[in-house]
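Worksheet for the structure shown next.
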């Protein structure tokens with residue numbers, strides 16, 4: 001078999017933005033069998049095979065195993081804490097979040113927020129524009145009604161969970177308020193209840209005997225928290241699967257939440273909450289290595305970047321074996337990841353020459 005040698009351009013080695021390529025003279029196209037000779041020293045080579053697959057870029061980050069983002073429950077009551085949970089406790093709908101001045105703030109199941117005082121609107125009430133106010137309706141009303149019915153406050157069977165705050169809802173609310181120690185006003189706000197769509201874990205709670213300030217909670221699920229910058233944001237879309245590694249073992253995880261924050265200098269960063277699929281596999285380690293993948297090209301032909309030759313007249317070529325002779329074959333290139341390049345112009349299984 002002939003051993004080809006390449007003529008380097010007068011300007012020397014040409015990289016043209018792709019590492020490991022050299023410029024050659026001569027012509028190359030899809031059917032060319034040009035062989036280029038010179039008196040330059042020969043280049044040691046090896047063979048590589050064109051393969052089909054995905055080009056996947058990975059990114060590593062270090063995170064902390066905990067319970068995710070800490071948030072404060074929107075409790076509007078003020079006074080002295082007379083009873084409450086401890087850090088690490090799990091609170092569920094139906095539980096008392098905290099007791100203030102001997103009055104409980106009750107957790108009520110529902111995903112609609114308590115954004116207003118819930119009450120019965122009288123026929124004579126009007127708004128600032130002197131328009132007649134209508135009845136309060138909505139999911140927040142319905143959630144309150146469902147809580148009342150579940151606990152036996154049904155206005156003697158007259159209450160329905162219809163999402164409209166009428167006189168039966170008002171009577172049921174008063175009955176409930178009397179039973180738990182709140183003034184029987186028939187009106188409900190954030191000093192009495194809090195809608196919650198699932199269990200939460202208490203991160204920090206005020207001490208008994210102190211003035212109530214806040215009740216901070218997290219998710220109950222083990223969660224890996226990590227902060228990334230915008231340059232690698234594409235690796236971590238919500239719902240993406242990542243690999244998790246600790247000194248104890250490995251697991252997979254799912255990016256459950258992405259929160260964007262902007263610093264004082266205007267730069268953006270992203271706080272990730274990653275739900276752990278198998279918490280037991282990670283043990284009690286605090287530090288977690290996160291490996292995320294981003295598919296740059298799927299189901300494409302690839303070969304080593306080092307096989308590319310930059311043609312003096314422009315474009316790219318590789319050397320292939322044609323019946324024992326090494327010839328230039330023009331190729332088009334696409335994505336480049338971890339030393340491999342997407343190419344068109346060859347077939348899967350073709351062997352190309354790679355300079356050593």
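A short reminder: the numbers here are calculations on the coordinates, not readings from a lab. A quick note: this is a predicted structure, and the numbers were derived from the prediction, not measured. Every residue, glycine among them, receives a Cβ derived from its backbone with ideal geometry; neighbour counts consider all protein chains shown.
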For this session: Any chance you could give the angle, 0 to 90 degrees and rounded to 10, that helix 139-150 forms with the longest Cα principal axis of the chain?
Result: 60
Exercise. What do you get for Rg/Rh of segment 101-163 when both radii come from the Cα atoms and Rh is the Kirkwood radius?
Worked result: 1.03
Problem set entry | Kirkwood Rh, Cα atoms: Rg over Rh of segment 212-356 | 1.19
Problem set entry | Fluctuation leader among 321, 189, 265 - the chain, Gaussian network, Cα springs under 10 angstrom | 265
Seminar exercise, completed: If each part is reduced to its alpha-carbon centroid, segment 265-311 and segment 162-200 end up apart, in Å, by 48
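Quickly estimate the mean residue ellipticity at 222 nm for the chain, helices only: each DSSP H run with n ≥ 4 gives -39500 (n - 2.57), and the total goes over all residues, rounded to 500.
On the way: 3 runs with 30 residues, N = 356.
For the chain, the value works out to -2500 deg cm²/dmol.
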Seminar exercise, completed: For the residue 149, residue 277 Cβ pair and Förster radius 41 Å, calculated FRET efficiency rounded to 0.05 is 0.65
Seminar exercise, completed: the chain, Gaussian network, Cα under 10 Å: of 127, 111, 294, the residue fluctuating most is 127
Exercise. Hey, what D do you get for segment 274-353 in µm²/s if you plug the Kirkwood alpha-carbon radius into Stokes-Einstein at 20 °C and 1.002 mPa s?
Worked result: 136
Seminar exercise, completed: Taking R0 as 30 Å and r as the Cβ-Cβ distance between residue 96 and residue 270, the FRET efficiency 1/(1 + (r/R0)^6), rounded to the nearest 0.05, comes to 0.25
Seminar exercise, completed: Treating every alpha carbon of segment 188-227 as one equal point scatterer without solvent, the Debye formula yields log10 I(q)/I(0) values at q = 0.19, 0.33 Å⁻¹ of -0.78, -1.15
Exercise. Measuring from label point to label point, each 7 Å out along Cα→Cβ, what is the residue 247 to residue 60 span in nm?
Worked result: 1.7
Problem set entry | Fewest-first sequence of 348, 323, 170 by Cβ atoms within 10 Å of each Cβ | 323, 348, 170
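Cα convex hull of segment 128-279: how many Å³ per residue?
Roughly 259 Å³ of hull volume per residue.
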Exercise. Counting only Cα, what are the radius of gyration and maximum Cα-Cα distance Dmax of segment 71-218, in Å?
Worked result: 16.0, 50
Exercise. Looking at the chain, what % of the alpha carbon pairs are farther apart than 37 Å?
Worked result: 52
Exercise. Could you give the angle, 0 to 90 degrees to the nearest 10, between helix 167-180's Cα long axis and the longest principal axis of the Cα atoms of the chain?
Worked result: 90
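Semi-axes of the equivalent ellipsoid of segment 135-188: what are they in whole Å, largest first, if each equals the square root of 5 times a C-alpha gyration tensor eigenvalue?
Working: eigenvalues 52, 28, 18 Å².
Taking √(5λ) for each eigenvalue gives 16, 12, 10 Å, largest first.
What is the fewest-to-most order of 176, 124 by other Cβ atoms lying within 10 Å of their Cβ? Could you put the intermediate results ahead of the total?
Numbers: 176 22, 124 7.
Placing the least packed residue first, the sequence is 124, 176.
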Problem set entry | For q = 0.11, 0.13, 0.26 Å⁻¹, Debye-computed log10 I/I(0) when each Cα of segment 208-283 counts as one equal scatterer | -0.39, -0.52, -1.18
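Quick one: if the Förster radius is 41 Å, what FRET efficiency do residue 158 and residue 254 give, using the C-beta to C-beta distance and rounding to 0.05? Provide the component values of the computation, followed by the final result.
On the way: r = 46 Å, r/R0 = 1.12.
Here the calculated transfer efficiency is 0.35.
Sorted from fewest to most neighbouring beta carbons within 10 Å, what does the list 300, 255, 322 look like? Each step should come with its number before you reach the end.
Working: 300 18, 255 21, 322 12.
Going from sparsest to densest Cβ surroundings: 322, 300, 255.
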Problem set entry | the chain: most fluctuating residue of 63, 263, 138 per GNM, C-alpha cutoff 10 Å | 263
